[in-house]
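Only one structure is covered here, and it is reproduced in the block below.
The values are calculated or read from the model by the stated rules, or taken from the named source; none is laboratory data. Note that this is a predicted model, so its numbers are computed, not measured. Counting neighbours? That spans all protein chains shown, and the Cβs are built from the backbone with ideal geometry, glycine included. When the accessible area is computed, the model is the full protein with side chains, heavy atoms only, and any ligands, DNA or RNA have been set aside. Shrake-Rupley method; radii C 1.70, N 1.55, O 1.52, S 1.80 Å.
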Amino acid sequence: MQASTFTVKGNTGFGLQNRRILQGVSDLRSRNLAGKSLRMTERNSCFGVRMDSASMGIELGRARRTVQSVFGSSAKARSHRVRAAGEDIEDAAPLKVQGQSSGSVLPYVGVACLGAILFGYHLGVVNGALEYLAKDLGIAENTVIQGWIVSTVLAGAFVGSFTGGVLADKFGRTKTFILDAIPLSVGAFLCTTAQSVQAMIIGRLLTGIGIGISSAIVPLYISEISPTEIRGTLGTVNQLFICIGILVALVVGLPLSGNPSWWRTMFGLALIPSVLLAIGMAFSPESPRWLYQQGRISEAETSIKRLYGKEKVAEVMGDLEASARGSSEPDAGWLDLFSSRYRKVVSIGAAMFLLQQLAGINAVVYYSTAVFRSAGITSDVAASALVGAANVFGTTVASSLMDKQGRKSLLLISYTGMAASMMLLSLSFTWKVLTPYSGTLAVLGTVLYVLSFSLGAGPVPALLLPEIFASRIRAKAVALSLGVHWIMNFFIGLYFLSIVTKFGISTVYMGFALSCLVAVVYITGNVVETKGRSLEEIERELSPAI
């Protein structure tokens with residue numbers, strides 16, 4: 001999922017020999033040890049995104065036109081009994097939608113994406129602020145405590161990802177967003193006003209819990225309220241807003257050099273989207289699927305009217321009724337995730353994030369600056385801009401193809417491209433015949449890898465998981481998969497440099513290439529295509545009622 005910027009600093013170029021590479025890493029590590037965990041964790045899907053408001057406007061404009069086109073066309077005729085909110089039960093005539101839909105999901109997707117912005121912002125904000133807050137709190141020489149300030153957010157995020165699933169099942173999606181604003185706001189306030197290390201760590205822990213909850217419920221809510229025809233496009237908006245949050249954190253840190261106390265303002269600014277998230281969700285419709293599952297039929301119909309217009313009530317209710325027909329099961333417990341009915345689909349969800357991390361995204365990002373310097377690109381900003389441009393371009397292409405090419409095919413294209421790029425990177429460091437071109441090939445391999453990642457491996461898992469999980473396990477299964485994501489991030493950040501020291505960067509890159517090929521084989525045999533299919537239809541295929 002999420003990554004940040006290419007601000008890895010060091011004064012040693014990326015040579016052809018492992019000895020010189022490792023020396024550069026050693027210098028980097030000694031100069032900024034406490035920041036390593038953050039950088040390694042932040043970078044996994046959105047690293048270095050440069051997305052301006054005009055680009056976002058184009059994307060949302062395209063999505064709005066798609067919605068209007070979809071809802072303006074004729075829908076499949078259905079005839080069944082339906083009760084509109086506040087009306088008597090009557091036989092519904094076959095549905096014929098004419099003209100434009102009177103509802104729109106885009107405002108509510110936008111509100112939910114405030115959680116995605118906060119996700120990216122809290123991951124990225126400490127990157128620039130750490131040096132200055134360490135001086136203010138008297139820990140400038142204590143890299144261990146600085147590491148705790150950086151890494152505590154990861155522990156909080158791990159807890160929050162599981163908590164989010166429980167809260168979403170019990171209280172609903174919108175109320176969980178509102179509750180999530182509490183740790184996000186309180187944590188930001190404590191970080192802003194901290195006069196001690198203890199207060200700062202508690203604040204970081206709370207914000208970690210908040211972003212962990214957001215990581216679970218933002219894609220969940222978007223997938224459940226999005227029309228089938230554009231669910232893929234809207235699902236990628238979540239990733240773009242995470243990247244925007246990271247980018248905002250970087251831009252906000254620019255005044256630090258002239259105003260060292262600015263770090264407090266950087267943390268304090270996070271209060272604004274936190275409050276807006278709570279207010280916006282107080283006026284947003286609840287997920288119709290969750291309401292229907294709770295037996296709140298009238299409220300589900302009202303929610304459908306707000307999201308899609310009254311013309312869609314009969315059709316959407318028909319899908320929900322067909323999904324629930326013959327089954328009146330309660331929400332699943334954690335142990336149900338491992339039952340024979342759900343075991344396979346849950347394992348696919350966890351494997352998506354496991355393979356994403358084992359593909360080596362953190363390694364490529366971590367070494368990107370050194371790679372570019374070996375090719376004569378000495379500016380960190382230029383390096384970030386180049387890789388960021390590749391990521392934005394790939395994400396934009398993925399957004400346009402998600403509902404045309406399909407999720408599975410984009411994953412296969414993505415991992416195949418990543419494997420080829422990793423092999424190119426590995427060989428550029430070892431084959432003597434390529435020595436004259438090693439710098440150029442290393443840059444080319446890095447950019448191609450990032451482009452391939454942004455086409456599928458980055459955006460698809462967070463979109464695919466809420467689609468393949470049955471409604472009664474959706475929140476908890478998404479939370480479990482995200483838990484795997486946070487655990488993998490932690491261990492990669494902890495052991496990556498040790499593995500590089502022992503085996504060499506070329507060997508490690510080749511290992512990542514093999515992991516990508518394993519991902520291709522696994523996805524081919526286990527992942528189903530979900531484009532153009534309703535969540536209820538997918539559920540009936542993958543998790544049929546007992």
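Does F267 satisfy the criteria of being touching a residue at least 12 places away in the same chain (Cβ under 8 Å) and open to solvent by 10 Å² or more (accessible area, probe 1.4 Å)?
Numbers: touching a residue at least 12 places away in the same chain (Cβ under 8 Å): yes; open to solvent by 10 Å² or more (accessible area, probe 1.4 Å): no.
No; evaluated as a whole, the condition is false for this residue.
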- Note on the structure: Among residues of the range 426-464 being open to solvent by less than 10 Å² (accessible area, probe 1.4 Å), over 26 Å from the mean Cα position of the chain (by Cα) and among the hydroxyl-bearing types (S, T, Y), the residue farthest from V508 (Cα to Cα) is S428
- Message: Considering only residues that are part of a helix (DSSP H, G or I) and open to solvent by less than 30 Å² (accessible area, probe 1.4 Å), which ones fall in the range 128-152?
- Response: A129, L130, L133, A134, Q146, G147, I149, V150, T152
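With the structure loaded, tell me whether F162 is in contact (Cβ under 8 Å) with a residue 60 or more places away in the chain and open to solvent by 50 Å² or more (accessible area, probe 1.4 Å) or whether it fails that test.
Details: in contact (Cβ under 8 Å) with a residue 60 or more places away in the chain: yes; open to solvent by 50 Å² or more (accessible area, probe 1.4 Å): yes.
For F162, the condition - in contact (Cβ under 8 Å) with a residue 60 or more places away in the chain and open to solvent by 50 Å² or more (accessible area, probe 1.4 Å) - is met.
Given the range 431-539, what helices (runs of 4 or more DSSP H) lie entirely inside it while holding 2 or more residues that are touching a residue at least 12 places away in the same chain (Cβ under 8 Å) and closer than 26 Å to W334 by Cβ? Write out each step before concluding.
Values: elements: 438-452, 460-468, 474-503, 505-526.
By residue number, 460-468, 474-503, 505-526.
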- Any idea which of (1) open to solvent by 50 Å² or more (accessible area, probe 1.4 Å); (2) over 30 Å from L424 (Cα atoms); (3) modelled with pLDDT under 70 is the one G376 doesn't satisfy? (2)
- Message: So G280 ticks every box in (1) modelled with pLDDT under 90; (2) in a helix (DSSP H, G or I) but one. Which box is left unticked?
- Response: (1)
- Message: Return the pair list, or none, for Cβ contacts closer than 7 Å from residues in the range 405-417 that are touching a residue at least 60 places away in the same chain (Cβ under 8 Å) to residues that are of a type in the set (S, T, Y) and outside any helix (DSSP H, G or I), at least 6 apart or on different chains.
- Response: R407/T530
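Can you confirm whether the range 418-425 contains a residue that is assigned to a loop (DSSP other than H, G, I, E, B), open to solvent by 20 Å² or more (accessible area, probe 1.4 Å) and farther than 30 Å from L542 by Cβ?
Residues of the range 418-425 assigned to a loop (DSSP other than H, G, I, E, B): none.
The answer is no, given that none of the residues of the range 418-425 is assigned to a loop (DSSP other than H, G, I, E, B), open to solvent by 20 Å² or more (accessible area, probe 1.4 Å) and farther than 30 Å from L542 by Cβ.
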- Residue that is nearest to F353 (Cα to Cα), among those in the range 197-226 that are open to solvent by 10 Å² or more (accessible area, probe 1.4 Å) and either over 13 Å from the mean Cα position of the chain (by Cα) or among the charged types (D, E, K, R) (or both): I209
- Message: Here is a check on your reading of the model: is S185 of a type in the set (S, T, N, Q), open to solvent by less than 10 Å² (accessible area, probe 1.4 Å) and within 27 Å of T236 (Cα to Cα)?
- Response: no
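Taking the conditions exactly as written (assigned to a helix (DSSP H, G or I), modelled with pLDDT under 95 and not basic (K, R)), does Q195 satisfy them or not? Show your work before the answer.
Details: assigned to a helix (DSSP H, G or I): no; modelled with pLDDT under 95: yes; not basic (K, R): yes.
For Q195, the condition - assigned to a helix (DSSP H, G or I), modelled with pLDDT under 95 and not basic (K, R) - is not met.
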- Task: For D331, indicate whether it is at pLDDT 70 or above, closer than 19 Å to E539 by Cβ and not aromatic (F, W, Y).
- Result: no
- Query: Counting only residues that are open to solvent by less than 20 Å² (accessible area, probe 1.4 Å) and either of a type in the set (F, W, Y) or touching a Cys at 6+ places or on another chain (Cβ under 9 Å) (or both), which one in the range 270-291 is nearest to E536 (Cα to Cα)?
  - Reply: W290
- Close pairs (9 angstrom Cβ cut-off, 6 or more residues apart or separate chains): on the phi > 0 side of the Ramachandran plot and free of Cβ contacts under 8 Å to residues at least 24 places away in the same chain in the range 188-211, surrounded by fewer than 21 Cβ atoms within 10 Å (Cβ to Cβ) and of a type in the set (G, A, S) anywhere: none
- Message: When you check G295 against the structure, is it at positive phi and either open to solvent by 30 Å² or more (accessible area, probe 1.4 Å) or among the aromatic types (F, W, Y) (or both), yes or no?
- Response: yes
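If you check L179 against the conditions, is it modelled with pLDDT of 85 or more, open to solvent by 20 Å² or more (accessible area, probe 1.4 Å), within 30 Å of I230 (Cα to Cα) and touching a helix residue (DSSP H, G or I) at 6+ places or on another chain (Cβ under 9 Å)? It would help to see each step written out before you state the result.
Numbers: modelled with pLDDT of 85 or more: yes; open to solvent by 20 Å² or more (accessible area, probe 1.4 Å): yes; within 30 Å of I230 (Cα to Cα): yes; touching a helix residue (DSSP H, G or I) at 6+ places or on another chain (Cβ under 9 Å): yes.
Yes, satisfied.
Take the range 153-184 and flag every residue that is among the hydrophobic types (A, V, I, L, M, F, W, C) and either within 16 Å of L276 (Cα to Cα) or touching a Cys at 6+ places or on another chain (Cβ under 7 Å) (or both).
F177, I178, L179, A181, I182, L184
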- Single unsatisfied condition, L410 versus (1) modelled with pLDDT of 80 or more; (2) surrounded by fewer than 19 Cβ atoms within 10 Å (Cβ to Cβ): (2)
